[in-house]
Amino acid sequence: MHVSRCWKLILPVVFLAACSAGKDAEPAPAPPQKTVFDPLTQQIDRAQKVQGTVDEHQADTRKQVESAENGEASR
């Protein structure tokens, strides 16, 4: 009984080791080539970051206004 439990544990480990031993690490994918749209997509990325900052400030301001309306002490 003890031997069968050992085989149940050893066999999956052996199979996993055998499958992964022969493969080399895959080479990293080549960086994407530049296109005419790169400057536009960079501007969109920057605009999205700015919008995130604006949204954070808006949420902070809204919390401060709500706390002032409720009569809570400001920070």
Based on the Cβ-Cβ distance from Asp60 to Thr35, what FRET efficiency comes out when R0 is 30 Å, to the nearest 0.05?
-> 0.20
Using 7 Å Cα-to-Cβ label points, what is the Glu69/Ala17 separation (nm, one decimal)?
-> 6.6
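Here, each number is a calculation from the coordinates, and none is a lab measurement. Note that this is a predicted model, so its numbers are computed, not measured. As a convention, Cβ positions derive from the backbone with ideal geometry for all residues, glycine included, and neighbour counts pool all protein chains shown.
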